[in-house]
Structures are given as C-alpha cells and as structure tokens.
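Heads up: the structure comes next, in structure tokens.
The values are calculated or read from the model by the stated rules, or taken from the named source; none is laboratory data. The structure presented is a predicted model; accordingly, all values stated were derived computationally and were not measured. Cβ coordinates were reconstructed from backbone atoms using ideal geometry, including for glycine residues, and neighbour counts include every protein chain displayed. The protein model used for the area step is the full one, side chains on, heavy atoms only, and it has no ligands, DNA or RNA in it. Shrake-Rupley method; radii C 1.70, N 1.55, O 1.52, S 1.80 Å.
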Amino acid sequence: MFSFFSPFPFLRILGLWVIGLLISPLGLILLVPVLWLASPTRRSICGLLLIGLAVARISQLSAEFAHHLPKHDAFVFQVNQTPVHGPSAWKIQAKIISVRHGKQWERVHALANLFIPVKGAAPRFGQVFHVYGSLKPISEPLLPGAFDWRHYYALQGIYSAAFVPIQGLKLLKDASATPSIFERMRAQASSYLHQALPNGVHRNVADAMFLGMGSTIDFETRQSYAALGAIHILSVSGMHVGLLYLGLQFLLGFLLRFRPWGPRFYFGLIMLVLWSYAALSGFSAPVLRSAWMFSVLLFAQIFRLRTHPVNVWAFSGFVLLVIQPMDLFQVGFQLSYAAVLGLILFQRPLVNMWSPNYWLIKQSWELTCVAISAQVLTWPLIIYYFHQFPNPLYFFLLNPLLVLLSTLTLGVGFIFLILAPMMSYFPMAFSSLGHLVLLSFELLHGLMFATTDRFQTVISFIRLNLVELAAYYGGLGLLWHWWACRKVWGLNLSAFLLAGILIHRMGEPLHREAYLSIADKQVVFLSTQGFRGQSNGGASQAWLQSNAGAWWANNQVVDTLTRRWPNGSFLWEYQGMEFVYLTKPGVHRNANNSHLILSAELDLRDPRFLKSWQGSTWYFIRKPSVYRLSKLKPFWPKKVYYLAEQAAVHFP
C-alpha cells in the first residue's frame, strides 16, 4: 500500500512535532484518547510522547519571559543583539534586567524593542544602560487584517517597546571595545563594495545582498523587487548560500579523488566557509536555515548515507523547530521551507514534461521550472500574508532573465569579495573587477526598473483566508495522492474543495465602511464603497500597503483613489456625519452628530471655544499634557479618542 511516510521517517516525526506546537495543553488532553482509540500500538504511544514533548517545549519558552511588566518610571536594559540601523533610529532588541517601581527596584526577565535616535556612537552588543521612562505594550493593528506586529513579536517573547531619547540614556556597563573578527570582516567587505559602487541604489542593494545590511534600501526599490517576485535577493538567504555551496563544490571537488583524507578535508573546508559566511552576514534566520540544510546534505553525501531530499528537508526543519519552536510561526521560515519542498517535489517532473532541442531554450525552460516549482507551495502564503502577487505574465516572462542576472551578480560579487583583499594592492585589477560588479548591478536593475516603471507588475488587493489556505494545501495533497495512487476519489474531493471556495466567494456581500486614524502625524480617513476604496490624507504608499491593503482586499476592493487634504481647517461628510478638522480655534453652531479632530498645532491655551463642541465626539491627533487636559475638563464631551494611542476608529 502506498504511504507518503514510509521512505521518509523524519517527515512523520516533523508532522507530529508541528501538531504538538500548534495545539494547547488542553488540545493534547483531548487528542490522547482519540489517537489511542484509533491506533492503540507502540507507534501511537511514541507519537503521543513526541506531541507531548512539543507542547512542553513551547510552554517552556512562552513562560521564559515576562508578558507584563509592573508599573515603572525607569528601567535597566542590556543590548541583546547587534543593533539594526534604521532611517532615523537604531532598533535594539533589549533584555530588560530591572524596573523601578516607586523608589524600589524590581528584578525582571523580559525582552523589549527599543528605538534610539541615530546620533553619536552606535550602541554595542552587551552594553548595559539606565533609562528614565517606561515601556509600553506593542500597539495593536490599526485596521482589520493589517499585519499584527504585537502577535509577531509575542511569538518571540517580546511584548513591550519604547522610543528612548539620547538624553535619557545612561551607560552603566560598557561592552568590549574590540569588535569580533566577523564584525571586522563585515566592515572591511562593506568598504570594498563601497569603493566599487557609487553611493545610491546599487551600493545599498549590494550591502543587503552580500552582507545582510539592508536598512538603507528605500521603499521604491523594495517594491520593485517584490513586484517581480525577487524580494528574497535583497537579503542574504537560501539562494545566496546555495550559490556559495555550488561554487565551493566546483572549486574543491578535486579533493574527493584523494581518499581517505580528501573527502574529510573537503567536508571541513566547505563547512568552515558556509558557517563563516553565516557569521559574516549576522547569523540571520534565513542564512542559518540554509547553512544547516546544506550542512545536512553535505554530511550525507560525504559519509555516503542513503537519503531522500524530502527526508533531509524534514530532518533539518525538525532540528530547527526543536531548538526554536517559535520559528514555525515566522513568515520567513514558512516561505523558505515551502519553496524548498516545492523544488524537491515539482521541479524535476516539470522539466521532464518538455525537452527542447536548443540549448538556450532548454536552459530558459529549466529556469522557468525552478520559478514555478518554488511558487507552487509559496504563492498562497504570499497572498495570505501580503495580499499581493507578481503579475504572472511578467513574472514568467522575466523570471528566467532575473534569475540569470541575479545569479551572475551574486557570482561576480562573491568573486570580488574573495579576491578584494589581495587585489587591493593592485589598483588597476581592483578597479576592473569593481567595474564588472557595477556592470552586473546596472544590468539587473536596468531590466527591473524599466519593467516596474512602465508596467503594472503586481496584482494588489488579493485575499485568501486561513480556511481557503488550508483547503488549497489539502486539495494539493489530494491531487498528489491521486497522481501517485490513481485513486479517483482524491481528484473528486480536491475538485469539491475548489468548488466550495468559489461558491462561498460568489455569495459574499459588499461592504461600506470607513476608518479614521493618523499616518505620519496627519489625519487619514479611509473608506470603501462597492469595489472602490478611497484614502483621504497624506498617508504614504508604504503606510497604505502595510495598514490598509489587507482591509481593502477583504472588502473586495479592486481600485483605489487617493485625495490630499487642503491646508488649514476643513470639513467633510460621510453617511450624514460631519467631520471637522481644526488647526485654529473655531466655534460650531450645530454640533449634533459631528466629529471634531483637533490637530497637533491647535492652540488650546484659551479653550472656551470648545464649549460649542461639547455635543461632538473629539479626536486628538496628539494627546495633550496632564496640565492641559485639566484645563479642558469643563468642556469635556461624552466621547474622546486619542488617535496616536489606539487602533483606527470604525464608522459602519
């Protein structure tokens, strides 16, 4: 009888471990009798034990850090990771050591995200600081469906955040002033790239592509890469490690002929280079996953273990999820492992479907098959999380060229970084190779930007809920079972799932609703009517994509209109309600069913004009001081909102 699991023992183990991570301890109690009655054998006992261990492991991690901190006015923290350079602030993952409650210091064990302005020397890993101020819970999503950063960081044990001004920092304990060997190597490699590439897009992308330093890349460049399905190139990922692995196999392959020491030397050298590059790029999660997976493959190859790629894939995933179970809920982890599994399962069958006679066409077809295979299992996740997808026409037409040019750029860049320390003594040779790196980036970005500037390369406002996501993967599994076993019921059931989703979609009603919020300290009013969405205010494209894109997609919006506010005070109407935005004091004669938005620059020193607005609902762009609020109390309305401290306000 056919079984998906029989040749892949670690696939079964990985599946049981994932079940344990997904269910709660209560779910484990309910699952025990079901599995016991279904299969009361030694295998089921082992399965239950593995699931129980997974539940215990994730419960242990969730209890490791404090979820809530006591009320405090000061705290002490240690820099827990290498700070990330943002456009205007350093982002730091901090380990909170203690907080001050009244006059007493209380020891705590918690993690927090801190943002420190980019001024003066950068904070260093291991430094301990004292800060006057308090940590606040991470904000909830502004709009329904927007990415939930609070949940995202909670899975990593981070529940608080704060912006720390420079003058509020006091250094208690300094870290070692001597950077590590990998930090020095990273800085030196970055300086070589900066000598070869002029300041601008090419240099910023090179820092991200080779060294994982992607904080200086602008939004438009990220959008261009994402629109063509090439966003993975902008960070050190599996593609980079895979290319390095293949290059090392080609260069060091001759060692395999010298037995018995040759294969072991070959294994040690490749492992050393792979993990050194992982350290050089900052041990980012994608690099760790890729380096570990290629290490397992290399070990099996050198020591002649009988392996199947699916079993290697499952083993590497299982080990990573034992060490860090929360990775299961990371988007990057899901996309990485889904793409690799798609390549393992579908790439070779697709290539075998057509065998062109001409070499160039054959290579293009194989590259296209790689792109299709990687997308078979990842496109539902991309739509589910990001609500957009590259236009299939441009994706399949350009992807072979993009893969070729990006591979060429990576190859030339790796050769440049390897040879740069020696070639720096020969200026002409260094300059020539640097120009070659620049030419490769100009070809890649020339094709990419020419396409994204002239064509609509991304389909926006696509939606896929969790049930539909599960139905897709379930239907795909049934199709695979039908193909392998020739069981017609698998094909029929997958067609039934697809039909059910389509019927459900056709019966969904259209909604009309609106939300009021702020973006970049300006009021924003977002609305939907039928298939059209509208944005009023100065929200940037990046803000709209990250906050409003999912809400518009779930409301079946296919087109949007953006309008900017006039200068000064103004008003607008929605569903019979009047909204007034004040930048200067003004009296309102009919305040019934009206909404007053008080701008940050509104002068409230003489608040008597607010008496005419007592029947309105007030919305503060910026919360006034305690003293100013006490002066406003005589004129206080029934409802008040502080837009900077809460989710967007809903208007049905």
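List pairs: first in the range 420-440 and assigned to a helix (DSSP H, G or I), second of a type in the set (S, T, N, Q), Cβ under 8 Å, 6+ apart or cross-chain?
421/188; 430/195; 430/424; 434/195; 437/409; 440/409
Tally up the residues in the range 147-170 that are part of a helix (DSSP H, G or I) and among the aromatic types (Phe, Trp, Tyr), please.
Going through the range 147-170 one residue at a time, the tally reaches 3.
Just one of 468, 513 is within 26 Å of residue 385 (Cβ to Cβ) and in a strand (DSSP E or B); which is it?
513
Which residue, of 580, 557, 587, is open to solvent by less than 30 Å² (accessible area, probe 1.4 Å) and more than 30 Å from residue 465 (Cα to Cα)?
Within the list 580, 557, 587, the selection yields 580.
Being open to solvent by 60 Å² or more (accessible area, probe 1.4 Å) and at pLDDT below 85: is that true of residue 318 here?
No.
Go through the range 122-134 and count every residue that is assigned to a loop (DSSP other than H, G, I, E, B) and either among the polar types (S, T, N, Q) or modelled with pLDDT of 90 or more (or both).
To start, the set of residues in the range 122-134 that are assigned to a loop (DSSP other than H, G, I, E, B) comprises 122-127, 133-134.
Now restrict to residues that are either among the polar types (S, T, N, Q) or modelled with pLDDT of 90 or more (or both): 127, 134.
Counting residues in the range 122-134 that are assigned to a loop (DSSP other than H, G, I, E, B) and either among the polar types (S, T, N, Q) or modelled with pLDDT of 90 or more (or both) gives 2.
Among residues belonging to the range 118-160 that are within 18 Å of the chain's Cα centre (by Cα) and among the small types (Gly, Ala, Ser), point out the one that is most open to solvent (accessible area, probe 1.4 Å).
The residue in question is 139.
Look through the range 209-231, keep the residues that are free of Cβ contacts under 8 Å to residues at least 40 places away in the same chain and open to solvent by less than 50 Å² (accessible area, probe 1.4 Å), and return whichever of them is farthest from residue 442 (Cα to Cα).
214
Here are some residues: 573, 508. Which one is part of a strand (DSSP E or B), open to solvent by 40 Å² or more (accessible area, probe 1.4 Å) and of a type in the set (D, E, K, R)?
Details: 508 fails: part of a strand (DSSP E or B).
It is 573.
Considering only the range 66-104, state which residues are open to solvent by less than 50 Å² (accessible area, probe 1.4 Å), in a strand (DSSP E or B) and hydrophobic (A, V, I, L, M, F, W, C).
Scanning the range 66-104 gives 74, 75, 76, 77, 79, 89, 90, 92, 94, 96, 97, 99.
Given 154, 206, 112, which one is under 30 Å from residue 434 (Cβ atoms) and at pLDDT 80 or above? If you could, list the steps in order and put the result at the bottom.
Working: 154 fails: under 30 Å from residue 434 (Cβ atoms); 112 fails: under 30 Å from residue 434 (Cβ atoms).
Selected residue: 206, the only one of 154, 206, 112 that is under 30 Å from residue 434 (Cβ atoms) and at pLDDT 80 or above.
Residue-wise test of (1) touching a helix residue (DSSP H, G or I) at 6+ places or on another chain (Cβ under 9 Å); (2) open to solvent by 20 Å² or more (accessible area, probe 1.4 Å); (3) within 19 Å of residue 244 (Cβ to Cβ).
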| site | (1), (2), (3) |
| --- | --- |
| 292 | yes, yes, yes |
| 297 | yes, yes, yes |
| 307 | yes, yes, no |
| 310 | yes, no, no |
| 314 | yes, no, no |
| 326 | yes, yes, no |
| 329 | yes, yes, no |
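Of everything in the range 600-620, what is open to solvent by 10 Å² or more (accessible area, probe 1.4 Å) and in contact (Cβ under 8 Å) with a residue 60 or more places away in the chain? Give them in sequence order.
Residue satisfying the conditions is 600 alone.
Suppose we keep only residues that are of a type in the set (Val, Ile, Thr) and open to solvent by less than 40 Å² (accessible area, probe 1.4 Å) within the range 341-377. Which one would you say is nearest to residue 399 (Cα to Cα)? Let's see the steps before the verdict.
In the first step, residues of the range 341-377 are kept if they are of a type in the set (Val, Ile, Thr); the result is 344, 351, 361, 368, 370, 372, 376.
Those still in the list that are open to solvent by less than 40 Å² (accessible area, probe 1.4 Å) too: 351, 368, 376.
Values: 351: 16, 368: 7, 376: 15 Å.
By that ranking, first place goes to 368.
Quick check: is even one residue across the range 232-247 modelled with pLDDT of 80 or more, open to solvent by less than 40 Å² (accessible area, probe 1.4 Å), small (Gly, Ala, Ser) and touching a Gly at 6+ places or on another chain (Cβ under 8 Å)?
yes
Please determine whether any residue of the range 257-278 is at pLDDT below 85, in contact with a Phe, Trp or Tyr (Cβ under 9 Å, 6 or more places away or on another chain), open to solvent by 40 Å² or more (accessible area, probe 1.4 Å) and of a type outside the set (Phe, Trp, Tyr).
no
Are there any pairs with C-beta distances below 6 angstrom linking a residue in the range 100-124 that is closer than 21 Å to residue 165 by Cα to a residue that is among the polar types (S, T, N, Q) and surrounded by 15 or more Cβ atoms within 10 Å (Cβ to Cβ), with the two at least 6 apart or on different chains, and if so which?
As it stands, the answer is 112/160, since those pairs meet every condition given.
Of the residues 256, 244, which is aliphatic (A, V, I, L, M), farther than 30 Å from residue 402 by Cβ and part of a helix (DSSP H, G or I)?
Criteria check complete, one pass: 256.
Keeping to the range 441-479, report how many residues are open to solvent by 20 Å² or more (accessible area, probe 1.4 Å), touching a residue at least 40 places away in the same chain (Cβ under 8 Å) and either of a type outside the set (D, E, K, R) or out of contact with any helix residue (DSSP H, G or I) (no Cβ under 9 Å at 6 or more places or on another chain) (or both).
Count: 16.
Among the candidates 271, 239, 209, single out the residue that is over 24 Å from residue 124 (Cα atoms), of a type outside the set (Lys, Arg), under 27 Å from the mean Cα position of the chain (by Cα) and in a helix (DSSP H, G or I).
Every option except 239 fails the conditions.
Can residue 175 be described as surrounded by fewer than 16 Cβ atoms within 10 Å (Cβ to Cβ) and either without any contact (Cβ under 8 Å) to a residue 60 or more places away in the chain or of a type outside the set (Gly, Ala, Ser) (or both)?
Considered against the rule, which asks whether it is surrounded by fewer than 16 Cβ atoms within 10 Å (Cβ to Cβ) and either without any contact (Cβ under 8 Å) to a residue 60 or more places away in the chain or of a type outside the set (Gly, Ala, Ser) (or both), residue 175 comes out as no.
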